[in-house]
Amino acid sequence: MGVFETIGTETHESVHFGEDKASGLRAIVAIHSTALGPSLGGTRFYDFPDEDAALVDVLRLSKGMTYKAAAAGLAQGGGKAVIIGDPSVLAHDDLFRAYGRFIEGLAGRYITAEDVGTTVANMEVVATQTSFVSGLPVESGGSGDPSPATARGVLASIRAVSMHLWNTDSLHGRRVAVKGVGKVGLALVEMLTTEGVEVVVADVNDRATEVASTRFGAKVVAVEEVHTVACDVFSPCALGADLNESTIPELACASVVGSANNQLAVDEDADRLAERAILYAPDFVVNAGGIINIAAETDGYNLEKANDMVDRIYDNLTEILKASDTLGVSTEKAAEHIAESRIDAATKQGGGS
Ligand SMILES: NC(=O)c1ccc[n+]([C@@H]2O[C@H](COP(=O)([O-])OP(=O)(O)OC[C@H]3O[C@@H](n4cnc5c(N)ncnc54)[C@H](O)[C@@H]3O)[C@@H](O)[C@H]2O)c1
């Protein structure tokens, strides 16, 4: 399929192709929107089955970044990059230097960061060629690992849901089931137990659940069971599509608030949750702590300032939950609506980078 055919009716501002034969670099950068500011999004390094699959992915992911940044109230647009190939073969410094020159050529309309298949160390090599890189280590003046900020944003979201449903900010005595206790999930478990929350966890990795149990007293259940646990909040922090046609009827929670990307298997799952009166906090709003933390690098990173910015997820989500009630639409639709109105307003004012 041709490039313009693949782009179809999508409204990306531009798509850029970079190649460096010597290092084997083949990369695509999709800039979905710069209406609110320079586009920001990670670089995914993956052995795509073909170029078309890579293009489809980068178009989808860059659009998602526009919505995530806009819903978070950031002065950032949405972009994303893919490098095509097997990182275990191709991920060497020459390739990342060539990639850095490609990013530099986009003159700041796209700011990159690490993503699946790339590391902070790779980004440090990219940074030797361009300043349009974020998420660098703290020692290099960057914001470091975004996971603690993401967990902080999930906690702020759980608090906003608590206020909406139970009219209290206090989480003391609540029960939360966390699926996936990796970087974000474990940090969340720690924060929740500090708040006096009873935590139930599940993970395919037994070592991860052991840490959650021994260090924070979490109760461990089987991965197949965790979504059926009777609780106030189910928190998917593993992979995507945990909310689907077969799991939603089995949920025994009052709300879903987690960090995993793409929790809804299909769009209709938002309505399925609403029909069961389960409050779903849209994933791209809840898990924005990471990107907010990275965006905080813009004027020189400062942890306190970054934490304050992440804590605003509470207000963002509260606005979305209220809009969902007022407009009579799912929380997912309400979040998209608010993001789109921010982008439209900036476009009308002639915003952009
Ligand atoms: N790290 C961030 O800052 C960040 C930001 C935004 C979104 N997210 C999303 O949050 C989720 C967690 O991210 P992370 O950085 O903690 O990743 P991670 O890889 O550190 O942790 C994921 C955990 O989930 C477990 N897991 C995998 N498959 C599972 C399954 N089927 N059932 C139960 N457990 C399973 C893994 O064993 C691991 O412990 C991901 O979906 C990620 O895309 C993360």
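Can you confirm whether V204 is away from the ligand (no atom under 14 Å from the Cβ) and either open to solvent by 70 Å² or more (accessible area, probe 1.4 Å) or not in a strand (DSSP E or B) (or both)?
Spelling it out, it is not the case that V204 is away from the ligand (no atom under 14 Å from the Cβ) and either open to solvent by 70 Å² or more (accessible area, probe 1.4 Å) or not in a strand (DSSP E or B) (or both).
Condition (residue is touching a Phe, Trp or Tyr at 6+ places or on another chain (Cβ under 7 Å) and not aromatic (F, W, Y)) applied to region 200-222: is it met by at least one residue? Walk me through how you get there before you give the answer.
Restricting attention to region 200-222, the residues satisfying the condition of being touching a Phe, Trp or Tyr at 6+ places or on another chain (Cβ under 7 Å) are none.
The answer is no, given that none of the residues of region 200-222 is touching a Phe, Trp or Tyr at 6+ places or on another chain (Cβ under 7 Å) and not aromatic (F, W, Y).
Taking A177 as meeting all but one of (1) near the ligand (Cβ under 10 Å from one of its atoms); (2) surrounded by 14 or more Cβ atoms within 10 Å (Cβ to Cβ), write down the number of the exception.
Result: A177 fails condition (1) only.
Can you pull out every residue in region 136-168 that is at pLDDT below 95 and more than 20 Å from D115 (Cβ to Cβ)?
Within region 136-168, E139, G141 qualify.
Filter region 1-31 for residues that are more than 17 Å from F48 (Cα to Cα), assigned to a strand (DSSP E or B) and either open to solvent by less than 30 Å² (accessible area, probe 1.4 Å) or not acidic (D, E) (or both) and give the result.
S14, V15, H16, I31
Condition test on R159, is it in a helix (DSSP H, G or I), open to solvent by 30 Å² or more (accessible area, probe 1.4 Å) and within 15 Å of the ligand (Cβ to nearest atom)?
Taking the combined requirement at face value, the residue does not satisfy it.
Of the residues A254, A218, A265, A270, which is open to solvent by less than 40 Å² (accessible area, probe 1.4 Å) and at pLDDT below 95?
Matching residue, one of A254, A218, A265, A270: A270.
Across region 229-251, which residue is nearest to the ligand (Cβ to nearest atom) among those that are under 18 Å from R272 (Cα atoms) and more than 25 Å from the chain's Cα centre (by Cα)?
In this case the residue turns out to be E250.
For region 180-198, what are the residues that are of a type in the set (A, V, I, L, M, F, W, C), open to solvent by 10 Å² or more (accessible area, probe 1.4 Å) and over 22 Å from T318 (Cβ atoms)?
If the condition is that a residue be of a type in the set (A, V, I, L, M, F, W, C), open to solvent by 10 Å² or more (accessible area, probe 1.4 Å) and over 22 Å from T318 (Cβ atoms), then L186, A187 are the ones that fit.
Can you tell me which residue among G196, G217 is touching a His at 6+ places or on another chain (Cβ under 6 Å) and more than 15 Å from the ligand (Cβ to nearest atom)?
Values: G217 fails: touching a His at 6+ places or on another chain (Cβ under 6 Å).
Checking each option against the conditions leaves just G196.
Please work out which one of (1) closer than 19 Å to Q76 by Cβ; (2) crowded, with 24+ Cβ neighbours inside 10 Å is the condition F284 fails and give its number.
Checking F284 against (1) closer than 19 Å to Q76 by Cβ; (2) crowded, with 24+ Cβ neighbours inside 10 Å, the one that fails is (2).
Among the residues of region 305-320, is any open to solvent by less than 50 Å² (accessible area, probe 1.4 Å), charged (D, E, K, R) and at pLDDT below 95?
Taking region 305-320 first, the residues open to solvent by less than 50 Å² (accessible area, probe 1.4 Å) are 306-307, 309-310, 313-314, 316-318, 320.
Now restrict to residues that are charged (D, E, K, R): none.
Taking every residue of region 305-320 in turn, none turns out to be open to solvent by less than 50 Å² (accessible area, probe 1.4 Å), charged (D, E, K, R) and at pLDDT below 95.
For region 39-61, give me the residue count where each residue is touching a residue at least 24 places away in the same chain (Cβ under 8 Å) and surrounded by fewer than 24 Cβ atoms within 10 Å (Cβ to Cβ).
If we filter region 39-61 for residues that are touching a residue at least 24 places away in the same chain (Cβ under 8 Å), which is where we start, we get 39-48, 51-52, 54-59, 61.
Narrowing further to those that are surrounded by fewer than 24 Cβ atoms within 10 Å (Cβ to Cβ): 44, 46-48, 51-52, 54-57, 59, 61.
Within region 39-61, residues that are touching a residue at least 24 places away in the same chain (Cβ under 8 Å) and surrounded by fewer than 24 Cβ atoms within 10 Å (Cβ to Cβ) number 12.
The values are calculated or read from the model by the stated rules, or taken from the named source; none is laboratory data. Predicted model only: the values in this text are computed from it and were never measured. Please note: Cβ atoms are built from the backbone with ideal geometry, for glycine as well, and neighbour counts cover all protein chains shown. All accessible areas refer to the heavy atoms of the entire protein, side chains included, with ligands and DNA or RNA removed. Shrake-Rupley method; radii C 1.70, N 1.55, O 1.52, S 1.80 Å.
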